[in-house]
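Student: I have a structure I would like to understand better, so I am pasting it below and will then ask my questions one at a time.
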Amino acid sequence: MTSKVIPILVWSCALAVCSADTTHQIIHLVWASPASGFSNWRASVIELAWRHHPSSSFAIYSNTLAMTHPALSSLLEKGCNVSVVTYDHLFADSPLQGWWEQEKQDVYEVQQGVHIPHKPFLPNCISNAVRILAVWKYGGLYMDFDVITLRSMAPLHNFCGKSCTSCHSKCANTAAHQRNLAMQGSKITSP
């Protein structure tokens, strides 16, 4: 059995290089920072991915970003199928819903800049939970906002692209309800 290797170059961004295809899929992204930090540069990450996945939908999971943001409005005007999905909507009717209900008040505070000393890793934990749950629940491609798409990633299935400076995946592509993702999700809720 041979495996495909995705070259990932890390220099403030990851470059995803794969063969061309335009298969429809959902491309998931997470924005956990204040909306003021979402710049045209972040929108260009979506636009580059859209260039190589023109029939795909883009779902941005965020509690701080709205579709009225100028950078997102610009993408919509160009015809990109992009939407913002709240964490409440994502976690609803999922195995992580109970965990989310317990943590969401703290998440809202962290997103407003409040430091919670007894939960220093909450921002990382919530981002990991959102990325794992989105791909587990809906399938498709997950990518960070610093992944520059050079070609389509649609032909690759059940892959994970990582950078050498990060412990989490920079991009992943899988079908919905994969068992290994369910196991990762259960680790988030374990004490």
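What follows is calculated from the coordinates using simple rules that are stated; it is not laboratory data. Treat the numbers as computed from the prediction; the structure is a model and nothing was measured. Every residue, glycine as well, gets a Cβ built from its backbone with ideal geometry; the counts of neighbours run over all protein chains shown.
Student: Using 0.36 nm times the number of residues separating Ala35 and Leu150, minus their current alpha carbon distance, what extension gain do you get?
Tutor: 38.8 nm
Student: May I pose another question? For the residue pair Leu122 and Asp93, what label-to-label distance in nm results when each label sits 7 Å from Cα along the Cα-to-beta-carbon direction?
Tutor: Going from the Leu122 label point to the Asp93 one covers 2.9 nm.
Student: Rank the residues Asp93, Asp146, Asp88 as a footprinting-exposure proxy: fewest other Cβ atoms within 10 Å of their Cβ go first.
Tutor: With the sparsest Cβ surroundings first, the list reads Asp93, Asp88, Asp146.
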